[in-house]
Amino acid sequence: MSIPQSFIQELLSRVDVVDVVGRYVQLKKGGANFMGLCPFHGEKSPSFSVSPSKQFYHCFGCGKNGNAIGFLMDHAGMGFVEAVQDLAQSVGLAVPQDDASPQERERAAAARQKQATLTDVLEKAGESWRKQLKASPRAVAYLKGRGVSGQIAKRYGLGYAPEGWRNLASVFPEYDSPLLHESGLVIVGEEDGKRYDRFRDRIMFPIRNVKGECIGFGGRVLGDEKPKYLNSPETPVFHKGRELYGLFEARTAIREAGYALVTEGYMDVVALAQLGFGNAVATLGTACTSEHVHKLFRFTDQVVFSFDGDAAGRRAARKALDGALPYASDTRAIKFLFLPPEHDPDSFIRAHGPEAFARHVGDAMPLSRFLVEAASEGCDLGLAEGRAHMATNARALWAALPDGALKRQLLAELAQLAQLDARDLADLWSHSAPPTPTRTPAPGHEPAPWEHGAPPAFAGNFPPRTAGGPSQGSRGTWKNRGAKAWAPPYQGPRPSPVSRADQAARLLLSHMAFLEELTHDDHDALSAQPAPHGPLFAWLEQEWHEHGPQPWAVLRESLRGQGCESLAVQLMSGPHAQPEGDLQEIRRELRGVLNRMRMDRIKQQETEAVAALRTDPTAAQRLRALQAQRLELEALARKAS
């Protein structure tokens, strides 16, 4: 979906960033601006400023800044198109689509209207069930017995669907309305057409999307009846394979804790929140998918999956591993926590305390170790046959990883277990690479390149063992799809650009896919660059969010008329403008540039913090944190050199 830039500009002129931010942050007038506690990092004194004149927000503590669209993307976890549609709807604008026919636009508008109507219906049912909970001593006693307080029940909007077949008829006078069936609230008998409530005598858990809209429900029986858990069916607004229970409520806690904790059920989420772990979310009766993982990484760079230690828990963890592998870049951490078979998170914390659970989370198994364990399962590594079997199992797992240092280290480790040289194992895999599975993208979601079945990187990480040109094996990930399988002839050192900002811009314009690997601090350092570089980086990130990785030829056309066009064209002109060669070397070059840019920015912030020591009581703490960050980056720079 392509949205004209002119519409984006009109939209930002119509919305008020103070109103948008005010939905999520309590703001108070402070001079010309509004101030509040930053939603992106934990703080006790407000350092988050929203400017109505500039229509911009900025945190003086963590550096986060942007406009109304950026806030919804960063804080609410929306995609670019989703954020634009949300803002447009709030001011009564219809989002134009350059590449859509009038009929397609009409259908899209009708679908959006249907979704809005269904969420209203679901919200009305949820409100009714919340009232029923207060009127049911039995349901209240059940929640109290599970240790759930009224405060937590209110936070998650818990309710109670009473016994009886048609209780919702008192909530919806038009009980025969098709909307009740389409929303999943009512079941229609196939033979007699009779209608009755789907949820009866159950504790109700509203399921919300990242915007906070109710899109479905989960219901749990109060006793031991079957089925114990019941979810809404698939509807136009609810797709359980893509949604996570509790994510909307957990967004702030995830940022404060620094990681998301994925559990197996919504009762786990509520119980963990009651015990101080408000950063928990849960899948909805399905295995954890790549869509789930991708959504979580909008909010954090660390994800911990928590499973029971029994055989079923191990199987669920194995499926979660498959979903997580495509997103296990070098800047992210993915772990697997296995509790004793007799415990779930709730019972473990009650038995051993929250500190013990936090230690277990910290000691959780890294993805790299779990991958090796999964590949080695059932294989006798003391025998050549067992080692060969392990290598066969590991091939598809390793191939799903994005190219980077982690992938290369794992190749070396797996080769050592197989008692092979890493080059030999890469050559072996490259001649019989398994097909990459294709996922069905979500409606309105532009598939990532790997979803089109692009071949994984095998031998592309190593130079050919013999002369004579490129090998014929499967080469390259989606990030270097179309690149030749052999390094181009050495043409001498590439001349250094005028500045680090020039160098970073040149590398990202040539290899836009690298944006997927950048950390929040990297993005902050780029966006903080003065014009014209800062606007160029902001534009490039916006293009990436909207369209995904694009080659320079496509970016050049999109740049026409942009304020940063002349800088980009200047940087990408000349014989050495578009870096070529080994992707890992280019990636290392970009990492070095970004780290130096971050060090420059930190030094500037240190100077500002020193100047504020006499007037700002938080300046000393901020200065120590900045110094620690700088020392860490300097150590990385020394190690790289």
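The values are calculated or read from the model by the stated rules, or taken from the named source; none is laboratory data. Nothing here was measured: the structure is a model prediction, and the numbers come from that model. In this analysis, Cβ positions are derived from the backbone assuming ideal geometry, glycine residues included, and neighbour counts consider all displayed protein chains. Each accessible area value is taken on the protein alone, full model and side chains, heavy atoms only, with ligands, DNA and RNA left out. Shrake-Rupley method; radii C 1.70, N 1.55, O 1.52, S 1.80 Å.
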Inset, instruction - Take each of the peptides 532-540, 382-390, average the number of other beta-carbon atoms within 10 Å over its residues, and list them starting from the highest. - result: 532-540, 382-390
Legend entry - Apportionment of accessible area to carbon and sulfur, region 371-430, percent (1.4 Å): 51
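Skip the ligands, DNA and RNA, and give the accessible area per residue of region 136-292 with a 1.4 Å probe, whole Å².
Normalised by residue count, the accessible surface of region 136-292 is 40 Å².
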Inset, instruction - Pop out the ³J(HN,Hα) list for region 367-384 in order, Karplus 6.51 cos²θ - 1.76 cosθ + 1.60 with θ = phi - 60°, rounded to Hz; leave Gly and Pro as x. - result: 4, 4, 6, 5, 4, 5, 5, 5, 5, 8, 4, x, 10, 8, 6, x, 10, 4
Inset, instruction - Over all alpha-carbon pairs of region 500-640, lay out the pair-distance distribution in 10 Å bins, whole %, shortest bin first. - result: 11, 38, 30, 16, 5, 0
Legend entry - Shape parameters for region 105-238, alpha-carbon atoms, Rg then Dmax in Å: 15.2, 51
Inset, instruction - With the cut-off at 20 Å, report for region 371-430 the share of all Cα pairs above it, as a whole percent. - result: 14
Legend entry - region 500-640 - percent of accessible surface contributed by carbon and sulfur, probe 1.4 Å: 51
Inset, instruction - Please go through the residue pairs Lys124/Lys226; Lys144/Lys211; Lys124/Lys240; Lys154/Lys228 and name each one whose alpha carbons sit more than 24 Å apart in this structure. - result: Lys124/Lys226; Lys144/Lys211
Legend entry - Accessible area in square angstrom per residue, region 5-91, 1.4 angstrom probe: 44
Inset, instruction - Return the sequence-ordered ³J(HN,Hα) values of region 119-134 in whole Hz as given by the Karplus equation 6.51 cos²θ - 1.76 cosθ + 1.60 applied to θ = phi - 60°, using x for Gly and Pro. - result: 5, 5, 5, 5, 5, 5, 5, x, 4, 5, 5, 5, 5, 5, 4, 4
Inset, instruction - Compute the length gained on full extension between Asp120 and Lys44: take 0.36 nm times their separation in residues and subtract their Cα-Cα distance, giving the result in nm to one decimal. - result: 23.8 nm
Legend entry - Cα pair distances in region 1-99, grouped into 5 Å bins until the bin that holds the longest one, percent each: 2, 13, 25, 23, 16, 10, 6, 3, 1, 0
Legend entry - Carbon and sulfur %, accessible surface of region 197-269 computed with the full protein complex present, 1.4 Å: 45
Legend entry - Qualifying aspartates and glutamates (Cα of each under 18 Å from Cα of Lys131; at least 8 residues distant if same chain): Asp120, Glu123, Glu163, Asp197, Asp201
Legend entry - Anchor Lys639: aspartates and glutamates whose Cα lies under 15 Å away (excluding residues fewer than 8 positions away in-chain): Glu589
